[in-house]
């Protein structure tokens, strides 16, 4: 029975040590990932480029560029019409007469003539809108992917930064364990406590 207890104690101590090692690696990785000043010192151009790219995406740069390109290709948008206000429409409808059915037929007939006259223009506009939708469907996911890559690159711990953070964590842990004594480091249960298992 004593051998099984010793084996269980050894397993617990080994598991604690493994957990401790994993925590040290996690802490070092986290510190290296968020140590932006060290990254800037080691690679200032790369870090500035990543930060500028992330800022460009966050501030809506791709959307602005797309709108400007669209305006350059398709021309500026037409201003809103000023001539057809509700009062003017009402006056024109009154000129057509009091017979509602007759007014409806006239409006339908005029609307069909309008649609026929502007069919070519509408087709061109629809083609431009379709092109815009396709461009947005392609450009937006690319911009999102680039933004994700920029953020990942910004917070990715590099090997040198990780090693420096790892060394600092180990030094701090050694100092903490050394100051509290070796009894605190081996906090396993004593034989009397283990007998109560």
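The values are calculated or read from the model by the stated rules, or taken from the named source; none is laboratory data. For clarity, every value in this text was computed on a predicted model and none was experimentally measured. Note: ideal-geometry Cβ built from the backbone for every residue, glycine included; neighbour counts use all protein chains shown.
Numbers below:
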item: Some residue of the range 102-111 being under 40 Å from the mean Cα position of the chain (by Cα), farther than 30 Å from residue 154 by Cβ and in a helix (DSSP H, G or I); result: no
item: Residue in the range 114-137 that is in a helix (DSSP H, G or I), under 30 Å from residue 34 (Cα atoms), within 22 Å of the chain's Cα centre (by Cα) and modelled with pLDDT of 80 or more present; result: no
item: Enumeration of residues in the range 148-162 that are modelled with pLDDT of 80 or more and surrounded by 13 or more Cβ atoms within 10 Å (Cβ to Cβ); result: 149
item: Pick from the range 163-197, criterion part of a helix (DSSP H, G or I), touching a helix residue (DSSP H, G or I) at 6+ places or on another chain (Cβ under 6 Å) and modelled with pLDDT under 50, ranking: farthest from residue 15 (Cα to Cα); result: 194
item: Residue satisfying condition, being part of a helix (DSSP H, G or I) and either surrounded by 13 or more Cβ atoms within 10 Å (Cβ to Cβ) or touching a helix residue (DSSP H, G or I) at 6+ places or on another chain (Cβ under 6 Å) (or both), within set 4, 41, 16; result: 16
item: Per-region count, the range 51-86, residues assigned to a helix (DSSP H, G or I) and at pLDDT 75 or above; result: 22
item: Residue in the range 92-101 that is touching a helix residue (DSSP H, G or I) at 6+ places or on another chain (Cβ under 6 Å), modelled with pLDDT under 80, part of a loop (DSSP other than H, G, I, E, B) and farther than 30 Å from residue 162 by Cβ present; result: yes
